[in-house]
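The values are calculated or read from the model by the stated rules, or taken from the named source; none is laboratory data. Predicted model, so just to flag it, every value in this text is computed and none were measured. Here the Cβ is made from the backbone with ideal geometry for all residues, glycine too, and neighbour counts use every protein chain on show.
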Amino acid sequence: MKITIHGSGYVGLVTGACLADVGHDVVCVDVDQIKIASLKQGNVPIHEPGLEDLIRYNLESGRLRFTSNPEEGVEHGLLQFIAVGTPPDEDGSADLTHVLKVARSIGQHMGDYRVIVNKSTVPVGTADRVHQAIHEVLEDRTETLDFDVCSNPEFLKEGAAIEDFSRGARIVVGSESERVQRLMRECYAPYSRQKDKLIFMDVRSAELTKYAANAMLATKISFINEIANLAESLGADIEQVRHGIGSDPRIGYHFIYPGCGYGGSCFPKDVKALARTAGEVGAPAQLLHAVEEVNEAQKSRLFDKLKQAMHGNLKGRTIALWGLAFKPNTDDMREAPSRTLMEQLWAEGARVQAYDPEASAECHRLYGERPDLCLSRQRDAALEGADALVICTEWKAFRSVDFEYIARTLNHPVIVDGRNLYSPEDVKRAGLDYYAIGRGDSLRPTGR
Ligand code: UDX
């Protein structure tokens, strides 16, 4: 099938590369000429495991091409995916400027029937606006070309996007047109052979499905974080509680890991946007607001714990920080808990000595050179001369450590673990104080 993807960002590149890989003829369009020039050489501007190899392989096979010419893209694909960014406006609602610009460009250049497939995460009702925008351009052109707009939200996790695209639980398509359903079935047939993963619904329901999925997952996280905080006050251990509730299949083990709060490009943005949409239509969104509030508070807890552990005095201290990315296997620091912590530490006059396997360059891009930030090249180098250690991301490389070495190296024997990576007994045996999330007993100092 001939397919065009507008927007060569994270979602567009994964979608384009995966669809080319199963045999479709794909053209990816982006207005950023520099990005396109580099993609044509097989250089991928984002960090996603397996993506660069997939793009290079499919470029060589000729099934994947890149262009900055929208006309070429509109001419090519019967399916026109829109995968451009929808950054939050100042008021938290999704900015549709780029989506509607692509829609108008499709209206401008199309010469035949096209299906416009909305992949960007957009507010409910956007498909209608895309339809209207194309319709207006066609009217100006005095053309009466046929076209359809459908919604096909993505459910990709950073770090596992290719796996999620290829082996995701479901493929949601919002369109009641039989023609669109047939074409979308053909597009996704390679992924849906063993089990029919396509779920067809009306377009507004598909748009809401995306927000509802992310809001539900974010709710699970805020819920377990609230219970973790309660466990601390009650002297219970959240890890045992998590095991106890997760064994009920109605609850399940997924997305109930307590931590220092969710971050990333989706949960914070989507929960806010959905709450805002609810406000606009006069529907209650108490739960969504609470999910958001609990998360904001959770992001500050590492700082509070550290301050408590350091007897209220952080000025002039050097804090080792392991993990900058909002989660492992990505260099993304959008809304990362590490940022809240670093900014709080700097405001308090402390210095940060940070290590992350992937996100150092991103951290440097965000904060530049500053005397109170040192980016270490190695995990253990970040400990040297530091007063205490805080862990913000559960990278594999942090799971197995020599606690004796940490105890010897830190000026104060304190670990604040925002991801509950260790057994409190193991840490304490080395003479370290261990402050984790929701682990009642672990809050008590070793009593030296
Ligand atoms: C998420 C959704 O999973 C994906 O389906 C959607 O398309 C985009 O948003 P992503 O943002 O890449 O994907 O990350 P995810 O792995 O879901 O984690 C999000 C955040 O939640 C991370 O900060 C993570 O640390 C946190 N998290 C996740 C927890 O704190 N506890 C958990 O149990 C799970």
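Structural remarks
- Residues satisfying the stated conditions in region 383-425, i.e. part of a helix (DSSP H, G or I), under 29 Å from Ile238 (Cα atoms) and touching a residue at least 12 places away in the same chain (Cβ under 8 Å): Leu383, Lys396, Ala397, Phe398, Phe403, Glu404, Tyr405, Ile406, Ala407, Pro424
- Selected residue (only one of Leu287, Leu302, Leu341 is in a helix (DSSP H, G or I), surrounded by fewer than 23 Cβ atoms within 10 Å (Cβ to Cβ), touching a residue at least 12 places away in the same chain (Cβ under 8 Å) and of a type outside the set (Asp, Glu)): Leu287
- Within region 47-61, if we keep just the residues that are without any contact (Cβ under 8 Å) to a residue 40 or more places away in the chain and surrounded by 15 or more Cβ atoms within 10 Å (Cβ to Cβ), the residue that is nearest to the chain's Cα centre (by Cα) turns out to be Glu52.
- Residue pairs whose Cβ atoms lie under 8 Å apart, sitting 6 or more positions apart in sequence or on different chains, and linking a residue in region 252-269 that is farther than 12 Å from Ala215 by Cα to a partner that is within 7 Å of the ligand (Cβ to nearest atom) and modelled with pLDDT under 95, are Gly264/Glu158; Ser265/Glu158.
So that you can scan it fast, the table gives a plain yes or no per residue for (1) more than 16 Å from the ligand (Cβ to nearest atom); (2) without any contact (Cβ under 8 Å) to a residue 24 or more places away in the chain; (3) under 25 Å from His47 (Cβ atoms):
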site	(1), (2), (3)
Arg104	yes, no, no
Val124	yes, no, no
Arg129	yes, no, no
Glu136	yes, no, no
Glu158	no, no, yes
Asp164	no, yes, yes
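- In the set (1) within 16 Å of the ligand (Cβ to nearest atom); (2) in contact with a Pro (Cβ under 8 Å, 6 or more places away or on another chain), the condition left unmet by Asp95 is number (1).
Each row is one residue, and each column tells you yes or no for (1) surrounded by fewer than 23 Cβ atoms within 10 Å (Cβ to Cβ); (2) modelled with pLDDT of 95 or more; (3) under 23 Å from the mean Cα position of the chain (by Cα); (4) on the phi > 0 side of the Ramachandran plot.
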{"residue": "Arg63", "(1), (2), (3), (4)": "yes, yes, no, no"}
{"residue": "Glu72", "(1), (2), (3), (4)": "yes, yes, no, no"}
{"residue": "Phe81", "(1), (2), (3), (4)": "no, yes, yes, no"}
{"residue": "Asp95", "(1), (2), (3), (4)": "yes, no, yes, no"}
{"residue": "Val99", "(1), (2), (3), (4)": "no, yes, yes, no"}
{"residue": "Val102", "(1), (2), (3), (4)": "no, yes, no, no"}
{"residue": "Ile106", "(1), (2), (3), (4)": "no, yes, no, no"}
{"residue": "Gly111", "(1), (2), (3), (4)": "yes, yes, no, no"}
{"residue": "Val117", "(1), (2), (3), (4)": "no, yes, yes, no"}
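Conditions tested, residue by residue: (1) polar (S, T, N, Q); (2) under 27 Å from Glu296 (Cβ atoms); (3) surrounded by 16 or more Cβ atoms within 10 Å (Cβ to Cβ).
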| residue | (1), (2), (3) |
| --- | --- |
| Phe165 | no, no, yes |
| Lys195 | no, no, no |
| Ser222 | yes, yes, yes |
| Ile227 | no, yes, yes |
| Ala231 | no, yes, yes |
| Asp248 | no, no, no |
| Gly252 | no, yes, no |
| Ile256 | no, yes, yes |
| Gly264 | no, yes, yes |
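- Every listed requirement among (1) modelled with pLDDT of 95 or more; (2) in contact with a helix residue (DSSP H, G or I) (Cβ under 7 Å, 6 or more places away or on another chain); (3) not aliphatic (A, V, I, L, M) is met by Pro123 save one, (1).
- Criterion (touching a Gly at 6+ places or on another chain (Cβ under 6 Å), within 25 Å of Ser93 (Cα to Cα) and within 16 Å of the ligand (Cβ to nearest atom)) met by exactly one of Ser151, Ser120: Ser151
- Counting only helices (runs of 4 or more DSSP H) wholly contained in region 166-284, the ones carrying 3 or more residues that are farther than 24 Å from Gly125 by Cα, within 14 Å of the ligand (Cβ to nearest atom) and not assigned by TED's automatic domain parsing to the domain that holds Thr330 occupy 203-234, 238-246.
- Candidates Ala37, Ala20, filtered to the one that is over 21 Å from the mean Cα position of the chain (by Cα), touching a residue at least 40 places away in the same chain (Cβ under 8 Å) and not in a loop (DSSP other than H, G, I, E, B): Ala20
- Within region 98-119, the set of residues being of a type in the set (Ser, Thr, Tyr) and in contact with a Pro (Cβ under 7 Å, 6 or more places away or on another chain) comprises just one member, Ser105.
- Qualifying positions in region 291-349 - hydroxyl-bearing (Ser, Thr, Tyr), within 16 Å of the ligand (Cβ to nearest atom) and at pLDDT 95 or above: Ser300, Ser338, Thr340
- Selection status of Ala436, in contact with a Ser or Thr (Cβ under 7 Å, 6 or more places away or on another chain) and within 16 Å of the ligand (Cβ to nearest atom): yes
Results for (1) crowded, with 23+ Cβ neighbours inside 10 Å; (2) more than 27 Å from the chain's Cα centre (by Cα), shown as yes or no for each residue.
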site	(1), (2)
Tyr367	no, no
Glu394	no, no
Glu404	no, yes
Leu421	no, no
Tyr434	yes, yes
